[in-house]
1. Quick check on my filter: what residues within region 323-337 are open to solvent by 10 Å² or more (accessible area, probe 1.4 Å) and in contact (Cβ under 8 Å) with a residue 60 or more places away in the chain?
2. May I ask you to list the residues in region 367-403 that are open to solvent by less than 40 Å² (accessible area, probe 1.4 Å) and either more than 28 Å from the chain's Cα centre (by Cα) or hydroxyl-bearing (Ser, Thr, Tyr) (or both)?
3. Quick check, is residue 165 more than 19 Å from the chain's Cα centre (by Cα) and either under 19 Å from residue 431 (Cβ atoms) or among the hydrophobic types (A, V, I, L, M, F, W, C) (or both)?
4. Can you find even one residue in region 24-31 that is within 21 Å of the chain's Cα centre (by Cα), part of a helix (DSSP H, G or I) and either of a type outside the set (A, V, I, L, M) or at pLDDT below 95 (or both)?
5. Residues that are touching a Lys or Arg at 6+ places or on another chain (Cβ under 7 Å) and of a type outside the set (Val, Ile, Thr), at least 3 per element: which strands (runs of 3 or more DSSP E) completely within region 360-440 meet that?
6. Would you mind stating whether residue 89 is without any contact (Cβ under 8 Å) to a residue 24 or more places away in the chain and either farther than 30 Å from residue 385 by Cβ or surrounded by fewer than 19 Cβ atoms within 10 Å (Cβ to Cβ) (or both)?
7. Out of region 309-345, which residues are closer than 21 Å to residue 26 by Cα and either hydroxyl-bearing (Ser, Thr, Tyr) or part of a helix (DSSP H, G or I) (or both)?
8. Any idea which of (1) closer than 18 Å to residue 16 by Cα; (2) among the small types (Gly, Ala, Ser); (3) modelled with pLDDT under 95 is the one residue 103 doesn't satisfy?
Amino acid sequence: MAEQPKNKQVNARAAAANILYQVVDQGQSLSQMLPRVLPQVVARDHALVKELCFGVLRWLPRFEAVLQQLMDKPLKGKIRNGHFLLMVGLYQLFYMRVPAHAAVSETVSATSQLKLHSLKKLVNGVLRNAERQREQLEPQLTANDSLQYCHPSWISKRLKAAYPEQWAQILEANNQHAPMWIRVNALQGERDAYQTELADLEIASQSSPLAQQALCLDKAQPVHKLPRFAEGASSVQDGAAQMAASLLDAQPGERVLDACAAPGGKTCHILELQPALAELVAVDTEQARLNRVTENLERIGLKATLHCNDASKPERWNDQPFDRILLDAPCSATGVIRRHPDIKWLRRDSDIAELVKLQKEILEALWQQLKPGGVMLYATCSVLPDENSQQIAAFLQQTADAELVPINQDETATQPGWQLLPGNNNMDGFYYARLRKTLP
């Protein structure tokens, strides 16, 4: 990342270009880069930086195509940040309501902070040409599937194979702005009453027919505007993710495990729905992520036993069986691309086989920690059958004491689980399968 002057706040467009360079070229995740860079930007521009980063990552192939037409050769080496600054400018011209003259001038101005003084004329010329040729360029931006849907070919190929009638709908949903969902704390009040409180503050929301504590806000809000958020009256969590706690259906006096628990939304929801557990254990491999679980528990006023350890090696941190286990397995995250558009460009086709292997290891290891008669809920935020229905079907076939507890009537041992697709009911893509360990 280009070195920034000390004690000087960073131009929003320069910040976005830096972040995009780190994500696309250096393989950093957007969720890691934003918290690092945003403190350098004046607070009023934080939303702009996010919009620029998310927008460029959603439509990245289109901007690559435009730059190929408008430039003789790509920018490389020490001036590579300029490539992403140009994309920031193009996103403003093609997708935002920023006046063209302001988009161009502000983007050109950002070259100074990026120490790209030699590129001022180039950035100005390319962006002005893009604006002049917009009518000719726009039809070309959807000339083929790659440009129309803006996904890498391996994702499109897998989705076409798995969902021959729905693949286009999934890709389109992935490119939409994700709505803000909140979970109303059942320990502090009813969802309908909280919805009324929101309405009194002129915050419109829609209830979910599937997730009983869920509200989808018509417009995203800062959390401090939500009634009693600091006291734990509500939490931010997608409606699809809120299914986990209700499907797990923990009972009083039970010992429950939330594996791969960070950032803790499901951990807290389980406790909100069933405060009379004997113990809830939450495990994650990264302490920084586990700290977020702690923060969420403390805000809501809940308690759990936390372990920073490997879920696939429970013998290191557990010495007694569980009544119920939520395995929120590591996955491709292909169901939440609308929230994390960098997934499209960071994930590789070869990653899937490795993830399937890891899921299998964790699944088999944690199954040994489940009491006879106990229930495991397997969950991913993926839409790929390899990680979901095929994974569970193979486990059922290979595990003598495992039986399917159907969530839906049409489930079978060869086609197990419930697949939610991105955009359905305005929710993220998620998969759930419920299993029981049979009694001896």
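1. Those that are open to solvent by 10 Å² or more (accessible area, probe 1.4 Å) and in contact (Cβ under 8 Å) with a residue 60 or more places away in the chain: 323, 324, 328, 330, 336.
2. Across region 367-403, the qualifying residues are 369, 370, 373, 374, 378, 380, 382, 389, 396, 399, 402.
3. It is true that residue 165 is more than 19 Å from the chain's Cα centre (by Cα) and either under 19 Å from residue 431 (Cβ atoms) or among the hydrophobic types (A, V, I, L, M, F, W, C) (or both).
4. yes
5. 370-380
6. No; evaluated as a whole, the condition is false for this residue.
7. Of everything in region 309-345, those that are closer than 21 Å to residue 26 by Cα and either hydroxyl-bearing (Ser, Thr, Tyr) or part of a helix (DSSP H, G or I) (or both) turn out to be 332, 334, 343, 344, 345.
8. Of (1) closer than 18 Å to residue 16 by Cα; (2) among the small types (Gly, Ala, Ser); (3) modelled with pLDDT under 95, only one is false for residue 103: (3).
The values are calculated or read from the model by the stated rules, or taken from the named source; none is laboratory data. Owing to the predicted nature of the structure, the values given are computational and were not obtained by experimental measurement. Note that each Cβ is placed from the backbone with ideal geometry, even for glycine, and that neighbours are counted across all protein chains shown. The protein model used for the area step is the full one, side chains on, heavy atoms only, and it has no ligands, DNA or RNA in it. Shrake-Rupley method; radii C 1.70, N 1.55, O 1.52, S 1.80 Å.
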